């Protein structure tokens, strides 16, 4: 019997992304407004803003999202008290079900927040234009973006809209978000950097090399690691090396010089100093200690 395929239905098709933004505005921010022939949505990640959509005025709080249909005039301003963080994404979509998104104001849940964080994360990987530039009219591609980044953005955006439409049709409202999109995005970045450091534990890395490989600024990287580990990224990397050294000592397959060379230390003496600084014991003391057995 011949097989017969099932052609999959696509309810949402995003054909073009116009802009992707993550803004950290001041408490006095005011945007006088605009109208354009494509869709746009604004999601409040922190704080509160006043939004005008044609003649309608709304107050949006953290975790709320508003969609602006094509050619709808819209403006936004902070409330003068709290500096807001906003996700703003504009795109083209001709799918008939986008009619459901007209005049929509709703709350996002954990699933939608994660999708937004992944969109911002991928955009930072593949878009050269700063995501915090409100005057962007054309996003520029990075020459060496990770494979499939643009398609991942498209898929996550389509999933976001599909999820919101399902909510509308079910009449269920998502639980309030616990973490902000920025915090979720920081978690993704932290996971990526720590994975990178683990993969390169045998090398000598500088902060500049780590930043370049992970597409992150030095100050943000250092702040992230201090928040997570109460130390800088190089200190974290040094501890990672020593943890690897401790494991190798316990396995008793290589001598100290071989371990030092394997982990990229310039000399056995520097390795020994670093080992004692972090563990409180020399490599030989550790090798004969009860701690080595308990570890």
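I'd like the distance between the alpha-carbon centres of the range 56-101 and the range 137-166, rounded to an integer number of Å.
If we compute the Cα centre of each part, the gap is 18 Å.
How far is helix 218-229 tilted off the main Cα axis of the chain, in degrees rounded to 10, range 0 to 90?
Between the helix axis and the principal axis of the chain, the angle is about 70 degrees.
For residue 226 and residue 32, what is the calculated FRET efficiency with R₀ set at 41 Å and r taken between the beta-carbons, to the nearest 0.05? Display every interim value, and only then the final one.
Working: r = 39 Å, r/R0 = 0.94.
Plugging the Cβ-Cβ distance into 1/(1 + (r/R0)^6) gives 0.60.
Between residue 81 and residue 105, what is the FRET efficiency for a Förster distance of 22 Å, r being their Cβ-Cβ separation, to the nearest 0.05? Don't skip to the answer; put the middle values down first.
On the way: r = 21 Å, r/R0 = 0.95.
The value I calculate is 0.60.
Could you line up 269, 121 from fewest to most neighbouring Cβ atoms inside 10 Å?
Details: 269 10, 121 22.
Listing 269, 121 from fewest to most nearby Cβ atoms yields 269, 121.
Using a 10 Å cut-off around each Cβ, can you sort 203, 140 from fewest to most neighbouring Cβ atoms?
Values: 203 12, 140 9.
The most exposed by this proxy come first: 140, 203.
Can you give the FRET efficiency for residue 255 and residue 145, using 1/(1 + (r/R0)^6), R0 = 35 Å, r = Cβ-Cβ distance, to the nearest 0.05?
Values: r = 44 Å, r/R0 = 1.25.
The calculated FRET efficiency here is 0.20.
Can you sort 236, 135, 22 so the residue with the fewest Cβ neighbours within 10 Å comes first?
Values: 236 18, 135 4, 22 23.
With the fewest neighbours first, 236, 135, 22 line up as 135, 236, 22.
Using a Gaussian network model of the chain with C-alpha springs under 10 Å, which one of 26, 136, 257 is most mobile by mean-square fluctuation?
Its mean-square fluctuation being the largest, the pick is 257.
Taking the chain as a Gaussian network, Cα atoms linked when under 10 Å apart, which of 184, 46, 246 shows the biggest mean-square fluctuation?
Residue with maximal mean-square fluctuation among 184, 46, 246: 246.
Given points 7 Å out from each Cα along the Cα-Cβ axis, report the residue 240 to residue 278 separation in nanometres with one decimal.
Going from the residue 240 label point to the residue 278 one covers 1.1 nm.
For the Cα atoms of the chain, what angle does the longest principal axis make with the long axis of helix 233-251, in degrees from 0 to 90, nearest 10?
50
Could you order peptides 78-87, 111-120 by the average number of other Cβ atoms within 10 Å of their residues, highest first? Numbers along the way, then the final one.
Numbers: 78-87: 17.6, 111-120: 22.5.
Taking the mean over residues of other Cβ atoms within 10 Å, the ranking is 111-120, 78-87.
Once the piece of chain linking residue 209 and residue 92 is laid out straight, how much longer is it, given 0.36 nm per residue of separation minus the C-alpha distance between them?
Working: separation 117, 0.36 × 117 = 42.12 nm, distance 3.72 nm.
Gain on extension, residue 209 to residue 92, equals 38.4 nm.
Once the Cα atoms of helix 181-199 and of the chain are each reduced to a long axis, what angle between those two axes, in degrees from 0 to 90 to the nearest 10, is obtained?
30
None of the figures in this text is laboratory data; all of them are computed from the coordinates on show. The shown structure was predicted, so the numbers you read here are calculated from the model rather than taken from an experiment. Ideal geometry is used to build each Cβ from the backbone, glycine not excepted, and the neighbour counts take in all protein chains shown.
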